[in-house]
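> There's a structure below that I have some questions on.
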Amino acid sequence: MKRILVTGGAGYVGSHACRALAAAGHVPVVFDDLSRGFRWAVRFGELVEGSLLEPASIDRGLATAAPDAVMHFAALAYVGESVDDPLRYWQTNVVGSANLLAAMQRLGVNRLVFSSTCAVYGNPVSTTLSEDHPFAPISPYGHTKRAVEQLLVDLADTGAVSAVALRYFNAAGAAPEDGLCEAHDPETHLIPLALRAALDPDFSLTLFGDDYDTPDGTCIRDYVHVKDLASAHVAALELAEREPGFHALNIGTGAGHSVREIIQATEAVVGQPVKYTVGARRPGDPPRLVADATRARQMLGWSPIHTDLEATIRDALAGERLRRERQAD
């Protein structure tokens, strides 16, 4: 049993990671300022409220948790918002991470699992993206995640930290059976938006471009169930302990689904049409983003379990209904 400080543990992926940690016999302690997370999402372990921009509160969180390791999810994560306000993203994502790492050094905590992203790659130059793909972020969000990864590389080179960065693709699904769901505000993920377009008479989904060089003209993405993402983080803890240094691993299914396929699968699950309009392409949207997760399979002994798209959407639907119930209370 290990004690794990989980920054951003009141958010979507972080809360599911706490669930996976508890199931594995560990003790998660959530550190979150609740600016984008939710108190109701802290269902597995204690909550310490604090900000990564306030070093004293990080010290307090670490002292309370007395952790063996840290899982670091806390970040701003909207690509469009990062373009509009890059300074805020660099302060929160990069300065906040540096503050956390400095506090870890002061308290002698040297193992970290970092929530990274495929946005560090930018526009793909291959059909699937391996960890050897060139770095070419096209948004401030992607640049900040890449900067934190480089900081971890530099610290690992000195022996100050053993870190695993998980570059994941499109998180999807939920664990409604344990009270967890997706509840972003604003919501930008395709599956919850498609569900709302099927459920709400006044809401329509915007399909950004239908003239891409893909089989049906719409963008293709790799949708990985949030439960599988969470289990990868638990396995990454063991890797950080077993093999010191810095490791970066893609987390995805290796299979891509187009926007139209998501719409069709959502209609099949809900039994209602998904209302949508076709808009212009969004700048910087690559036609295809699919993970090559071979290295994660080899180094973590991890592979996705929840790979049926309609089953993932059913979980997301149950999560959406749970979100609505909470909103109505």
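The values are calculated or read from the model by the stated rules, or taken from the named source; none is laboratory data. Source: prediction; values computed, not measured. Glycine gets a Cβ as well: all are built from the backbone with ideal geometry, and neighbour counts include every protein chain shown. Note: areas computed on protein heavy atoms with side chains; ligands, DNA, RNA excluded. Shrake-Rupley method; radii C 1.70, N 1.55, O 1.52, S 1.80 Å.
> Kindly evaluate residue 163 against the criterion of being closer than 24 Å to residue 63 by Cβ and surrounded by fewer than 18 Cβ atoms within 10 Å (Cβ to Cβ).
Considered against the rule, which asks whether it is closer than 24 Å to residue 63 by Cβ and surrounded by fewer than 18 Cβ atoms within 10 Å (Cβ to Cβ), residue 163 comes out as no.
> Additional query: Being of a type outside the set (A, V, I, L, M, F, W, C) and out of contact with any Asp or Glu (no Cβ under 9 Å at 6 or more places or on another chain), is that true of even one residue in segment 169-176?
First, the residues of segment 169-176 that are of a type outside the set (A, V, I, L, M, F, W, C): 170, 173, 176.
Pick out the ones that are also out of contact with any Asp or Glu (no Cβ under 9 Å at 6 or more places or on another chain) and you get none.
The answer is no; no qualifying residue exists.
> Residues of segment 186-222 being of a type in the set (D, E, K, R) and without any contact (Cβ under 8 Å) to a residue 40 or more places away in the chain, which ones? It would help to see each step written out before you state the result.
Here is the first cut: in segment 186-222, the ones of a type in the set (D, E, K, R) are 187, 196, 200, 202, 210-211, 213, 216, 221-222.
If the condition is that a residue be of a type in the set (D, E, K, R) and without any contact (Cβ under 8 Å) to a residue 40 or more places away in the chain, then 187, 200, 202 are the ones that fit.
> Moving on. Could you list all residues from segment 50-98 that are touching a Pro at 6+ places or on another chain (Cβ under 7 Å) and crowded, with 19+ Cβ neighbours inside 10 Å?
82, 89
> Could you tell me which residue of segment 281-307 is surrounded by the fewest Cβ atoms within 10 Å (Cβ to Cβ), considering only residues that are modelled with pLDDT under 95 and in a loop (DSSP other than H, G, I, E, B)?
Step one: list which residues in segment 281-307 are modelled with pLDDT under 95, which gives 281-289.
From what's left, in a loop (DSSP other than H, G, I, E, B): 281-287.
On the way: 281: 13, 282: 12, 283: 10, 284: 15, 285: 15, 286: 17, 287: 17.
Top of the filtered list is 283.
> Here's something else I'd like to know. Looking only at segment 70-100, how many residues end up being closer than 21 Å to residue 12 by Cα and in a loop (DSSP other than H, G, I, E, B)?
Here the count works out to 6.
> From (1) surrounded by 17 or more Cβ atoms within 10 Å (Cβ to Cβ); (2) out of contact with any strand residue (DSSP E or B) (no Cβ under 9 Å at 6 or more places or on another chain), pick out the condition that doesn't hold for residue 272.
Every condition holds for residue 272 apart from (1).
> Can you name the residue in segment 308-329 that is free of Cβ contacts under 8 Å to residues at least 12 places away in the same chain and under 20 Å from the mean Cα position of the chain (by Cα) and, of all such residues, is most open to solvent (accessible area, probe 1.4 Å)?
By that ranking, first place goes to 308.
> Return the residues of segment 209-232 that are open to solvent by less than 10 Å² (accessible area, probe 1.4 Å) and assigned to a helix (DSSP H, G or I); say none if nothing qualifies.
Result: 226, 228, 229, 230, 232.
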